[in-house]
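Only one structure is covered here, and it is reproduced in the block below.
The values are calculated or read from the model by the stated rules, or taken from the named source; none is laboratory data. What you see is a predicted model; the values in this text were computed from it and never measured. Backbone-built Cβ (ideal geometry, glycine too); neighbour counts: all protein chains shown. All accessible areas refer to the heavy atoms of the entire protein, side chains included, with ligands and DNA or RNA removed. Shrake-Rupley method; radii C 1.70, N 1.55, O 1.52, S 1.80 Å.
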Amino acid sequence: MEIRKWVFVGVIWYAGFVLSIGAVELGRSQHTERISGSAGDVLEDDPVGRLKVFVYELPSKYNKKILQKDPRCLTHMFAAEIFMHRFLLSSPVRTLNPAEADWFYTPVYTTCDLTPNGLPLPFKSPRMMRSAIQLISSNWPYWNRTEGADHFFVVPHDFGACFHYQEEKAIERGILPLLQRATLVQTFGQRNHVCLKDGSITVPPYAPPQKMQTHLIPEKTPRSIFVYFRGLFYDVGNDPEGGYYARGARAAVWENFKDNPLFDISTEHPATYYEDMQRAVFCLCPLGWAPWSPRLVEAVIFGCIPVIIADDIVLPFADAIPWEEIGVFVDEKDVPNLDTILTSIPPEVILRKQRLLANPSMKQAMLFPQPAQAGDAFHQVLNGLARKLPHDRSVYLKSGEKLLNWTAGPVGDLKPW
């Protein structure tokens, strides 16, 4: 009886939705809409000429040799640290004269120690990062002038420079003490969280642009799926009781909507995953162990309105991308009402979100393409760094002044790498 009720409600709602659109086609052929105000202008900023970056030349054991050992690091969601290094080596913002640099970059691949299943092991990362900082502070004078306040590091771990994949342990660890003054470029973003420091630049996770390009379907394909999600609802191996993973939000999606015909949700990951997203109106982007996931990137690229279920999340390039206008935010506690929330959104609002998502600059800002292209995520990172200039004179230390504690942190982190 319950299933029959859902089918009836689903058919009636969807028929009304389509009829209310009228002559406007609800497909991928939406006209694009320019992002209003300063946000759109910021997305299209050109960082060249606004900053200069010096790239430290480190021994290959910190980067290239690690990648040679495991090329899978080029395709996982943490690969931004590798591609950012490659981009900067050939970028016009790079300077070979450190005396004229605005920013200093240390290329350390801290997420490229993978399990057989392809998941990064963060346990060596703190020692590796400490070793790299010891090296640059000993061989160059620039770190010691500011103790890292004019340096940036790419730390795309689940919880950034807290270097742990479980939130409880990440909070206990905190940000690596030697990175307390540096600018962190990270995928993790959550307000009022110990693993996100003021001034960090939140970036999208890496999603392979070429792979997504090969799965594009004709633009006029109608969006016949209302809500789409593929992924875990429970992580039985790491959270057998089911209350900790995704703070219960994914479990709530499954328990409330597994039989709802408006919701195409499953743990299976079909070969048509990318194509299915292009046929969907809404794509769920719930938190997992961390608030972020590649689904956010995939949803934007494929024009599927992201439904963001992650309380207090800080989204990529939030000062440039109008997330409130292109997405839908649902509090974790309101997941049981997800059907009512989404079906209550007027068709004209849905259409406007789709038009904004169709804007090429929006999609470009979410990608790390090879080679780099104007307006892509690489350039958005540089724009973020340029907006922090000039450095305040207070970041430069007086002679002999020391602020960082080199012996702080867990004992295991202090061992040589």
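Rolled with a 1.4 Å probe across the full set of protein chains, the surface gives residue 198 an accessible area near 150 Å².
Carbon-plus-sulfur fraction of the accessible area of segment 138-233, 1.4 Å probe, in percent?
C and S atoms contribute 48 percent here.
When DSSP beta bridges are restricted to pairs lying wholly in the chain, around 10% turn out antiparallel. Computed over the chain with a Gaussian network model linking Cα atoms closer than 10 Å, the most mobile of 380, 354, 213 is 213. If the segment from residue 221 to residue 192 were pulled out straight at 0.36 nm per residue, it would be longer than the present Cα-Cα gap by 6.3 nm. Ranked by solvent-accessible area (1.4 Å probe, protein heavy atoms only, all chains present), the residues 348, 172, 275 order from largest to smallest as 172, 348, 275. Relative contact order of the chain, taken over Cα pairs closer than 8 Å and 6 or more residues apart, is 21 percent.
Here's the picture: charge each Lys and Arg Cβ at +1 and each Asp and Glu Cβ at -1 in the chain, and of 157, 42, 82 the one pushed furthest to the positive end of that dipole is 82. Qualifying trypsin sites (Lys or Arg not before Pro) in segment 234-294, where qualification requires a DSSP coil assignment and no more than 12 other C-beta atoms within 10 Å, comprise 258.
Taken per residue, the accessible surface of segment 208-321 reaches 39 Å², heavy atoms only and a 1.4 Å probe.
GNM on the chain, C-alpha springs below 10 Å: top fluctuator among 210, 278, 180? For the chain, modelled as a Gaussian network with Cα springs under 10 Å, the answer is 210.
Counting only protein heavy atoms and using a 1.4 Å probe, the accessible area of residue 301 comes to about 20 Å². In loop segments of segment 352-417 as defined by DSSP, the trypsin sites (Lys or Arg not before Pro) with at most 10 further C-beta atoms inside 10 Å of their C-beta are 398, 402. For the set 143, 417, solvent exposure ranked by accessible area (probe 1.4 Å, protein chains only) runs largest to smallest as 417, 143.
So for segment 229-385, averaging the separation of alpha carbon pairs under 8 Å that are six or more residues apart and normalising by length, what relative contact order in percent results?
The normalised contact order for segment 229-385 reaches 18 percent.
Here the sum of -39500 (n - 2.57) over DSSP H runs of 4 or more residues, divided by the residues of the chain, equals -9000 deg cm²/dmol at 222 nm, to the nearest 500. If the segment from residue 407 to residue 68 were pulled out straight at 0.36 nm per residue, it would be longer than the present Cα-Cα gap by 118.8 nm.
Built from the Cα atoms of segment 289-393, the convex hull projects on average onto 8.8 nm², one quarter of its surface area.
Please give every one of the lysines within straight-line cross-link reach of residue 363, meaning a C-alpha to C-alpha distance under 20 Å, and leave out same-chain neighbours fewer than 8 residues apart. List returned: 211, 220, 353.
In terms of its C-alpha gyration tensor, segment 32-146 has an oblate overall shape, because the principal axis ratio a/c (a ≥ b ≥ c, square roots of the eigenvalues) is not below 1.5 and a/b does not outweigh b/c.
Here's the list of lysines a cross-link from residue 52 could span, going by alpha-carbon distance under 22 Å and ignoring same-chain residues fewer than 8 apart: 388.
On full extension, the segment bounded by residue 61 and residue 210 gains 50.8 nm, given 0.36 nm per residue less the C-alpha separation. The calculated P(r) of the chain, using every Cα pair and 10 Å bins from 0, goes 4, 21, 31, 24, 13, 5, 1, 0 in percent. For segment 245-299, the relative contact order is 47 percent, taking Cα pairs closer than 8 Å that sit 6 or more residues apart in sequence and dividing their mean separation by the residue count. Sparse packing (at most 12 other Cβ atoms within 10 Å of the Cβ) combined with a DSSP loop state is found for the following trypsin sites (Lys or Arg not before Pro) in segment 152-239: 191, 220. Membrane-span-like helices in the chain, defined purely by DSSP H runs whose alpha carbon atoms cover 27 Å or more axially and whose average Kyte-Doolittle hydropathy reaches 0.5, are 2-21.
Per the 1.4 Å probe, what fraction of the accessible area of segment 248-322, in percent, lies on carbon and sulfur atoms? Provide the component values of the computation, followed by the final result.
Values: 1010 of 2130 Å².
Taking all protein chains in place, segment 248-322 shows 47 percent carbon and sulfur surface.
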